[in-house]
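Before any comments, here is the structure.
The values are calculated or read from the model by the stated rules, or taken from the named source; none is laboratory data. None of the values given here were measured: they were computed from a predicted structure. We place every Cβ from the backbone using ideal geometry, glycine too, and count neighbours over all the protein chains shown.
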């Protein structure tokens, strides 16, 4: 993947960026709530009850023993003056949003820097791995040539042992470069937040032995 695609993936996948985005949305919700306090509010209230009465005689008839009672009220509540409380609440909410946005910018910069660092380290490890593979091929060919020459009496045993030593060092260098390459690949996946997501890998390693 290109460095632009890696940075874009990091901006979408990094959990600290996602959490900071939630903080900004929460701060914006507080701003809307604080500004809503300036608007008039419609208040609707009601009550229902059951009133029990003692039976009484009225011209030969008994009064009702129980009657339901209810009431409903509709009003408008509009706070005209509060000594600047609502204004301060709006200012505080806006300040928290700016703080969250500044922190998001800082995290964005840190994420970009980390992705760049991991990307460069991976590309460097890839070049070292390629060089180690070429060195191993060259050392292997040199050893084979020295061994054949020794069989035909052209070279002595010291030349063969020297070539074998160079081959062993080349193999060690190849293994070390291979390990470093895989380590930097994992580090790059970590920097982009891809280890936490089920997405295609940013790197696809396919060394000379055919294993990925």
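Let's see how each residue does on (1) surrounded by 10 or more Cβ atoms within 10 Å (Cβ to Cβ); (2) closer than 25 Å to residue 89 by Cβ; (3) at pLDDT below 70:
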residue	(1), (2), (3)
33	yes, yes, no
39	no, yes, no
50	no, no, yes
53	yes, no, yes
Open item on the list: Being touching a residue at least 24 places away in the same chain (Cβ under 8 Å) and under 48 Å from the mean Cα position of the chain (by Cα) is the filter here; which residues of the stretch 151-171 pass it?
Closed with: 166, 167, 169, 170, 171
Task: Of the criteria (1) in a helix (DSSP H, G or I); (2) more than 26 Å from residue 192 (Cβ to Cβ); (3) touching a helix residue (DSSP H, G or I) at 6+ places or on another chain (Cβ under 9 Å), which one residue 148 fails - done: (3)
- [ ] Return yes when residue 142 is in contact with a helix residue (DSSP H, G or I) (Cβ under 9 Å, 6 or more places away or on another chain), surrounded by 14 or more Cβ atoms within 10 Å (Cβ to Cβ) and either closer than 30 Å to residue 171 by Cα or at pLDDT 90 or above (or both) and no when it is not.
- [x] yes
- [ ] Among the numbered conditions (1) loosely packed, with under 12 Cβ neighbours inside 10 Å; (2) in a loop (DSSP other than H, G, I, E, B); (3) at pLDDT 75 or above, tell me where residue 73 comes up short.
- [x] (2)
